[in-house]
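See below for the structure under consideration.
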Amino acid sequence: MKIQVIQNNFPDFDINLFHICKLFFEQVEVVHEAAEDAAMRIALTVNCENDTADVQAQLQMADTAESWSAGERRRLGGQSDDQRRKELKRVISSALLRVLEEATGIEQPWGVLTGVRPTKLMHGMLRKQGREASVRQLCEEYLLTEEKATLLADIAERQLQVIPDLFELDREVSLYIGIPFCPTKCAYCTFPAYDIRGNNGSVDTFLEGLHYEIRETGKWLKRAGLSITTIYWGGGTPTSITAEQIDALFVTMHESLPDMDKVRELTVEAGRPDTITEDKLRVMKKWNVDRISINPQSFTQLTLDKIGRHHTVEETVEKFLLSRQMGMDNINMDLIIGLPNEGTAEFQHTLDETAKLLPESLTVHTLSFKRASKMTKNRDQYEVGGRNEIAEMMQMANDFMAANGYHPYYMYRQKNILGNLENVGYALGDRDSLYNILMMEERQTIIGLGCGAVSKVVYPSGAEEEGEDLQKIERFPNPKEPSIYNQAYKEYFDKKMRLLDEAYGTAPSIL
């Protein structure tokens, strides 16, 4: 598919236009040329090689263009250059989206929003205007369906109920503990997840580095006078390591980190049922872990085999019930819509089996073909549902949640996600995950420790404008490969501390 965009006299939005086109066509090439005349315009030509006719459209884009409403012209007049550029990008993207929807007959439920965190936009709007006006603005200006705009409003309002001080937490931090080992790597996965039996670096050496990072982070937090809101163990699968190794990490955390008794939530993602044992659960109870994940993804064994999850459906149920017996009363489960060879019948079976367990929270993911995953590299080997079937499964999930008393509390989107849909976290009662909210809304610094962990440093006291968060954020990734992390964790940690000192205005430590 080749899409030609002829443009003149407006800012360079090549990447944004490309992402809009990608919503409609899996393989697309966007070619840009300058227009011959001086009018600000886009002339869009869509060449469909397998179709009998081309689709063509010309869009006038100018301050004085007849196609712009008076309201849009007024809004651009009197704005700063940055504001004007953002508004111009939105208008151009909206026009392009409308043309492609008409040409293809495909409705894009998220309109021109292609970013990961649409809830951030909703939060900004709600702080300036009411719910009704915010939903209307998203539908009219960003072309969302009313269903998606309402979902954003529901989630943003729920988050403020769960964390009333969400916008006042920039003087606290959360911690992410990255343990990059798994029994096997799933076909769709791009997270740091290495075979714990493999040759990707010594587990013991990795743990030495992680203990070091925890101890030194504790020193920095005490020096900076910062407390911890939440702690999340992720990976990989943290429960791939032994019960003794898990226990030792908790000892270091409680010896090193300030005010552990004030941490609001401590999660360990025990996502793979084949890593959960009674000994490990006992250790987690000992250290007051108050939330774990046990992730079936699907309750169809053929699907689990296809995607490389070497555990059985029965094992998922057994480990869930064992966790309950061991006193774990806040369990999350992940389900995935659109896994290979699964349609509505298979997904309904997964929902039916989930209903027998009713975990405190459920995260419903829509399959995404991530660039570096095994599934993407061998896509012809994985047959997945079409857009309409994926949308039907999403509706099935929504209906299941409503029928069983779950409410949505966080969401995010990904590139190359099936059906251009979303991932949504649901919870019963007050079991919403605080870490998930904080991580997605980017309201405070997340310090990443361990292999593959990414620190997201949110500079305190940022400003907001036009509903968009302008708070300065810097990312700092640790090495993904255990062998590289094992060699260089001190060097990376020192750089991370310098970034944190800069963000919080603390005096550099003497290393």
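The values are calculated or read from the model by the stated rules, or taken from the named source; none is laboratory data. None of the values given here were measured: they were computed from a predicted structure. For neighbour counting, all protein chains shown are included, and Cβ atoms are generated from backbone atoms with ideal geometry for every residue, glycine included. Please note that ligands, DNA and RNA were not included when accessible areas were found on the heavy atoms of the full protein model with its side chains. Shrake-Rupley method; radii C 1.70, N 1.55, O 1.52, S 1.80 Å.
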How large is the accessible surface of residue 368 in square angstrom, using a 1.4 angstrom probe and rounding to the nearest 10? 10 Å²
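Kirkwood-based Rg over Rh for the range 326-438 (C-alpha set), two decimals?
On the Cα set of the range 326-438, Rg over Rh gives 0.98.
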For a distance above 21 Å, tell me the whole-number percent of Cα pairs in the range 132-195 that qualify. 59 percent
For 369-381, 114-126, ranked highest to lowest by mean beta-carbon neighbours within 10 Å, the order is 114-126, 369-381
If you look at just the Cα atoms of the range 90-203, how large are its Rg and its Dmax in Å? 20.2, 56
If you roll a 1.4 Å probe over the heavy atoms of the protein chains, what accessible area per residue do you get for the range 330-398, in Å²? 41 Å²
Here are some pairs, 306/495; 148/356; 286/377; which of them have Cα atoms lying more than 32 Å apart in this structure? 306/495; 286/377
Multiply the residue separation of residue 481 and residue 157 by 0.36 nm, subtract the distance between their alpha-carbon atoms, and state the gained length in nm to one decimal. 112.7 nm
Neighbourhood charge, 11 Å Cβ-Cβ cut-off, centred on residue 100 and excluding it, Lys, Arg +1 and Asp, Glu -1: -1
Convex hull per residue volume in Å³, alpha carbons only, for the range 174-301: 115 Å³
Amide H neighbours of residue 410 under 5 Å, counting only residues 5+ apart in sequence or on other chains, H built in-plane at 1.01 Å? 425
Between residue 402 and residue 140, the two model label points (7 Å from Cα along the beta-carbon direction) sit apart by a distance in nm of 2.6 nm
Residue-ordered couplings for the range 325-331, obtained by feeding phi - 60° into the Karplus form 6.51 cos²θ - 1.76 cosθ + 1.60 and rounding to whole Hz (Gly and Pro as x), are 5, 7, x, 7, 10, 9, 10
Roughly what would the spin-label model give for residue 244 and residue 318, points 7 Å off Cα along C-beta, in nm? 2.5 nm
Suppose every K and R has +1 on its Cβ and every D and E has -1 on its Cβ; what is the size of the dipole of the range 245-388 about the Cα centre, in Debye to the nearest 20? 500 debye
Could you work out how much longer the chain between residue 18 and residue 310 gets when fully extended? Use 0.36 nm per residue separation minus the Cα distance between them, nm to one decimal. 101.3 nm
Separation of the residue 219 and residue 341 label points, Cα + 7 Å toward Cβ, nm: 5.4 nm
Principal axis dimensions, largest first and in whole angstrom, of the range 86-157 by Cα: 36, 24, 21
